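Quick notes on the structure that follows.
The values are calculated or read from the model by the stated rules, or taken from the named source; none is laboratory data. Remember, it's a predicted structure, so these values are computed and weren't measured experimentally. Glycine also receives a Cβ, built like all others from the backbone with ideal geometry; neighbour counts cover every protein chain displayed.
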Amino acid sequence: MKINQIKINHITTPLGFQMPTLVITAFVSGTTYPQLQRKLEIKAGSTVVYQTDWQAAPDLTFNVTDLALSPRTRYTVTVYLQTVDQSAAWQHTTWFETGLLDQPLQGQWIGTSRTDLHGIQLSKVFSIPQAVQQGRLYITGLGLYEAYLDGHKIGQEVLAPGFTNYNYYVQVATYELTDLLQTAGQHTLTIRLADGWYRGKLGLSEHGGKAAVYGNTLMTNAELHYQDASGVDHQLVTDTSWQAQLSPITHAGIYYGEDFDATQPATVVPTVSFPQPSKYVVDRLSLPITAHEQLPVKDVIHTQRGETVLDFGQNFAGWVSFKNHLPKGAKVSLEFGEIMQHGEFYRDNLRSARASFTYVSDGLGQTVQPHFTYFGFRYVRLVDFPAIDPADFTGVALYSDMPVTGQIETDQPLVNQLFSNVLWGQKSNFMDVPTDCPQRDERLGWTGDAAIFAKTASYNMDTYQFFTKYSFDMAVEQSLHQGKLTLYAPAVDQPDGGKAVWSDAATIIPWTMYQRTGDATILTRSFGAMVSWVDWIHERAQQHGQAYLWLDDDQLGDWLALDTEDIMHLKGRTPDDLIASAYYYYSAKIVAQAAAVLGKQSETAYYHQLAVHIKQAFLAEFFTASGRLITQTQTGLALCLGFDLVPTGQRSRLTQQLVAAVERQQNHLTTGFVGTPALLPALSNNGEHALAVDLFLNRGFPGWLYEVDHGATTIWERWDSVQADGTINANGMNSLNHYSAGAVMQWAYEALVGIQSDATKTVTIHPGITPRFRHVSGQTLLATGMVKVAWQILDLAGTQVQVNLTVPYGMTAKLDLPRAKEWTSGDQTYSNGQTLPAGDYVITYQPTTPFLNQFSVHTQLFKYNQQPALTKKLSTVVPFWGFLSMPGNMAHFEQYSLLQLSAEMRGIGFTPFTTADIDQINQIFKDAALAQVQEEETYHA
């Protein structure tokens, strides 16, 4: 066993973050674990400021609630472990460092009164007599800033200080610069500023975005602290003695891109001071946005128009850096797009976003890249470049600094590509806030996208701190809109909101983070906002005449569903009132559960009772007296099953109605934004896992693998973003990097890999073993460490199954293996449903029914109607097979299943299948599959 790392508030070595509480977790690895004791020690310098006694270690998380932190202080944290008999011991040390805490910045807010400038830089020359032993820069700025010491960039972060409601709060970052202050003499501190989200065009209220939403003046506030060799602290702060100059970055915006003129003279402009522009100036919540993957050029395309286009092989968000071989004064541009059309560069789907980087060379041979913008792209058109070497160009992926913690791999390359697409969609859009898309004139923190994707995101990456910051952004907007959550946060200039699903992010995201980690800190911070949102709905519902149903309001509904009857084809047939009332119930239930976790008894009772009333009203409003849902849409049925809004005794019936709704569409989905993440879980969790897998693996339109087959490397905004002939759907709202439909990966983690966890210390392992895959493996981070599951069907007949399992320290795993009465690990046999402690296991069992890849009455005819031996047997038991065999009929009906046709054929005189008929047909399919397996085994023998 060894200690791998320690995280403080879910971050490795956090520097300058807000720390209202300390949650310290050590992560260990090993094949088996002894019974342990634990001890925590925290030091400031050489002084111990916090220490526990040795204590039992059911897990390795310490909640430190009684330590008063000092500002601008580095603390070392050591976790000690030992066996109960003290025969072995381990220890691991890390650190965290506070920022200013409640101390205000000592400097002035400085900039220039020249509002015509889109980029400035402010500099100060100072001297140090000797090398320093510690140097820190505390800095913020409006819009975006970068700081340099003697021309060296300070820190690895880009696009600081992140995206917030700058009028309400702006974040202070802390940077380590001791290594840059090791030479005595003169030094120059320079802060470069550009428009960014603060001042550049942004939002949807005006075409192309509204300029200067949060302010019209670039400014910064900073203080540099350094300790000399004697330990004396020195301080340099921003004031009007700093020199303001024109910046080589003459224009930069999130939608615009950037103009960088390396020949721009550093003309001096007046330096002025300003009053504090934000209500609050606080230590950072944001994870830094940093550079990650470096992508080489995959192909150089020379188009028929004579253009040169670089293909990086992957749609992503970031920018391109290149080695400059241009002479002084030469001007070039890079233009960014997601797709080629008819062999030519295409970017009309970016709408009004200029999305270009223009560079004027100074003739020096350095590497060039943008600084204050980013792009969503796969392809880059080069303008006015001479002959190029593709090795000079590198794609640089930018996203908030979250480690990847999850992975799923199968024996099917298309599925693996889909999961890669989901992860790249997340990386591309987790740019301080969870944006809808990274390329066009939008890129906003849409709440609904984040709500439905939050759990998938938390399986893929460690998102706790990312969503802590975003939850605060949402709470800020709620505080400014009487509890209503806006459609996106920060809201920019758009007060619209109060929409089901979208605004329910206020409850869903904090609750999801708690469920995934067991850390209630985010609930404590967000509880007021969660309550405010449910209270806002309740008051709204009362205004509309029914306190326990959310009716007759403006909603976005099942956005971009395919069963649309909407004139604009924007939302599906599922009634808005049903969706809104279902989420009203869900949010009320979440608040009741959160209140219980936090020990708030009165709130627990109130919101629990509110949820009970909403459910009663929902069942009365949306179900007939006989228990039939008023809408038979896939989305409506899946939501009711997922939220348990089902009349007593009607779950099986509702499930079969959902199956019928799927089969009516030839085993394809029709769901949109709301229904898509709910559909497969509703099937798998209610005994229809085989149909869920069939839907998932569909390669035809619409479906996830249709996108992969059509060249997608991220998730699309629409099911038909790219049409079957390869042309892009030119409807004015079409992103090829829009992560929301990637929420299907939550189903894959939970129902395919089989990892089902909540805030407790027991994880249920219930793999969705299916013969449609030969093997599936996956992993994700739980509260105490990494859980890993890998299952495989060992033989063609599906009679031998192996499951490899890693359970992290501090967790137990309850194994619920499909078609199993018992299973074996090592030399021990266990009854199905037993629990295993932390450790590594190889588990084998023989299923009670083989995992045989066979057809069924739910299978579409085209998948087997070319197998004469099989169809001959079917013709003896399927009463309408003769009708299907008539000229032209099979081609007309082959997209349907036998069960669906059975229901439809009664209209022309055929009797629907009985249960006995279904069993007989399925037995024919099973016999055929067994015969095929025996034939293959004989051949391989």
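Would you mind finding the one in ASP348, ASP362, ASP411, ASP389 that is not small (Gly, Ala, Ser) and not assigned by TED's automatic domain parsing to the domain that holds GLU307? Step through it out loud before you land on a result.
Values: ASP348 fails: not assigned by TED's automatic domain parsing to the domain that holds GLU307; ASP362 fails: not assigned by TED's automatic domain parsing to the domain that holds GLU307; ASP389 fails: not assigned by TED's automatic domain parsing to the domain that holds GLU307.
Step by step, each of ASP348, ASP362, ASP411, ASP389 is checked, and only ASP411 is not small (Gly, Ala, Ser) and not assigned by TED's automatic domain parsing to the domain that holds GLU307.
What strands (runs of 3 or more DSSP E) completely inside the stretch 130-225 contain at least 1 residues that are touching a helix residue (DSSP H, G or I) at 6+ places or on another chain (Cβ under 6 Å) and surrounded by 24 or more Cβ atoms within 10 Å (Cβ to Cβ)?
On the way: elements: 134-142, 144-149, 169-176, 185-194.
Ranges flagged: 134-142, 144-149.
Restricted to the stretch 331-443, the set of strands (runs of 3 or more DSSP E) holding at least 2 residues that are of a type in the set (Lys, Arg) and in contact with a Gly (Cβ under 9 Å, 6 or more places away or on another chain) comprises 375-383.
For the stretch 601-634, which residues satisfy the criterion of being of a type outside the set (Val, Ile, Thr), in contact with a Phe, Trp or Tyr (Cβ under 7 Å, 6 or more places away or on another chain) and assigned by TED's automatic domain parsing to the domain that holds SER581? Explain how you work it out, then say what you get.
Start the filter on the stretch 601-634 by keeping residues that are of a type outside the set (Val, Ile, Thr), which leaves 601-603, 605-611, 613, 615-623, 625-629, 632, 634.
When the remaining residues are screened for being in contact with a Phe, Trp or Tyr (Cβ under 7 Å, 6 or more places away or on another chain), the result is 611, 613, 615, 617-618, 629.
Result: ALA611, HIS613, LYS615, ALA617, PHE618.
Filtered by the rule that a residue be under 18 Å from the mean Cα position of the chain (by Cα) and among the β-branched types (Val, Ile, Thr), the stretch 486-502 gives a lone residue, VAL501.
Mind telling me which of the residues TRP791, TRP823, TRP747 ends up being out of contact with any strand residue (DSSP E or B) (no Cβ under 6 Å at 6 or more places or on another chain) and outside any loop (DSSP other than H, G, I, E, B)? Before the answer, list the steps.
On the way: TRP791 fails: out of contact with any strand residue (DSSP E or B) (no Cβ under 6 Å at 6 or more places or on another chain); TRP823 fails: out of contact with any strand residue (DSSP E or B) (no Cβ under 6 Å at 6 or more places or on another chain).
Exactly one of TRP791, TRP823, TRP747 is out of contact with any strand residue (DSSP E or B) (no Cβ under 6 Å at 6 or more places or on another chain) and outside any loop (DSSP other than H, G, I, E, B), namely TRP747.
Considering only residues in the stretch 242-298 that are of a type in the set (A, V, I, L, M, F, W, C), more than 29 Å from the chain's Cα centre (by Cα) and part of a loop (DSSP other than H, G, I, E, B), the one that is surrounded by the most Cβ atoms within 10 Å (Cβ to Cβ) turns out to be TRP242.
Within the stretch 894-918, if we keep just the residues that are touching a residue at least 60 places away in the same chain (Cβ under 8 Å) and out of contact with any His (no Cβ under 7 Å at 6 or more places or on another chain), the residue that is nearest to VAL857 (Cα to Cα) turns out to be ILE918. The one condition from (1) acidic (Asp, Glu); (2) in contact with a Phe, Trp or Tyr (Cβ under 6 Å, 6 or more places away or on another chain); (3) modelled with pLDDT under 95 that GLU223 does not meet is (3).
Scanning the stretch 1-27 for residues that are surrounded by fewer than 20 Cβ atoms within 10 Å (Cβ to Cβ) and charged (D, E, K, R) turns up just one, LYS2. Set side by side, the residues LEU556, LEU637 differ, and just one is in contact (Cβ under 8 Å) with a residue 24 or more places away in the chain, touching a strand residue (DSSP E or B) at 6+ places or on another chain (Cβ under 7 Å), of a type outside the set (Phe, Trp, Tyr) and not assigned by TED's automatic domain parsing to the domain that holds TRP502, which is LEU637.
Yes or no: ALA759 closer than 15 Å to ASN460 by Cα, of a type outside the set (Asp, Glu) and either modelled with pLDDT of 95 or more or in the same structural domain as LEU794 (by TED's automatic domain parsing) (or both)?
Working: closer than 15 Å to ASN460 by Cα: no; of a type outside the set (Asp, Glu): yes; either modelled with pLDDT of 95 or more or in the same structural domain as LEU794 (by TED's automatic domain parsing) (or both): yes.
Considered against the rule, which asks whether it is closer than 15 Å to ASN460 by Cα, of a type outside the set (Asp, Glu) and either modelled with pLDDT of 95 or more or in the same structural domain as LEU794 (by TED's automatic domain parsing) (or both), ALA759 comes out as no.
Applying the selection to the stretch 31-53, what residues are surrounded by fewer than 13 Cβ atoms within 10 Å (Cβ to Cβ) and either within 30 Å of ARG72 (Cα to Cα) or acidic (Asp, Glu) (or both)? GLY45, SER46, THR47, VAL48, GLN51, ASP53 - these are the residues of the stretch 31-53 that are surrounded by fewer than 13 Cβ atoms within 10 Å (Cβ to Cβ) and either within 30 Å of ARG72 (Cα to Cα) or acidic (Asp, Glu) (or both).
Are any of the residues in the stretch 60-79 under 30 Å from GLN366 (Cβ atoms) and at pLDDT 95 or above?
Pass one, the stretch 60-79, residues under 30 Å from GLN366 (Cβ atoms): none.
No; the residues of the stretch 60-79 include none that is under 30 Å from GLN366 (Cβ atoms) and at pLDDT 95 or above.
Look through THR849, THR871, THR914, THR876 and report the one residue that is out of contact with any Leu (no Cβ under 8 Å at 6 or more places or on another chain), under 30 Å from ASN804 (Cβ atoms) and modelled with pLDDT of 90 or more. Walk me through how you get there before you give the answer.
Numbers: THR871 fails: under 30 Å from ASN804 (Cβ atoms); THR914 fails: under 30 Å from ASN804 (Cβ atoms); THR876 fails: under 30 Å from ASN804 (Cβ atoms).
Going through THR849, THR871, THR914, THR876 in turn, just one is out of contact with any Leu (no Cβ under 8 Å at 6 or more places or on another chain), under 30 Å from ASN804 (Cβ atoms) and modelled with pLDDT of 90 or more: THR849.
If I filter the stretch 738-758 for residues that are touching a Cys at 6+ places or on another chain (Cβ under 7 Å), within 19 Å of GLN417 (Cα to Cα) and not aromatic (Phe, Trp, Tyr), do I get at least one hit? Talk me through it step by step, then tell me what you get.
Here is the first cut: in the stretch 738-758, the ones touching a Cys at 6+ places or on another chain (Cβ under 7 Å) are 738.
Add one more test, that the residue is within 19 Å of GLN417 (Cα to Cα), and what stays is 738.
So of that shortlist, the ones also not aromatic (Phe, Trp, Tyr) come out as 738.
Checked against the condition, which is being touching a Cys at 6+ places or on another chain (Cβ under 7 Å), within 19 Å of GLN417 (Cα to Cα) and not aromatic (Phe, Trp, Tyr), the stretch 738-758 yields at least one hit.
Scanning the stretch 892-907 for residues that are in a helix (DSSP H, G or I) and either modelled with pLDDT under 90 or surrounded by 11 or more Cβ atoms within 10 Å (Cβ to Cβ) (or both) yields PHE893, LEU898, LEU899, GLN900, LEU901, SER902, ALA903, GLU904, MET905, ARG906, GLY907.
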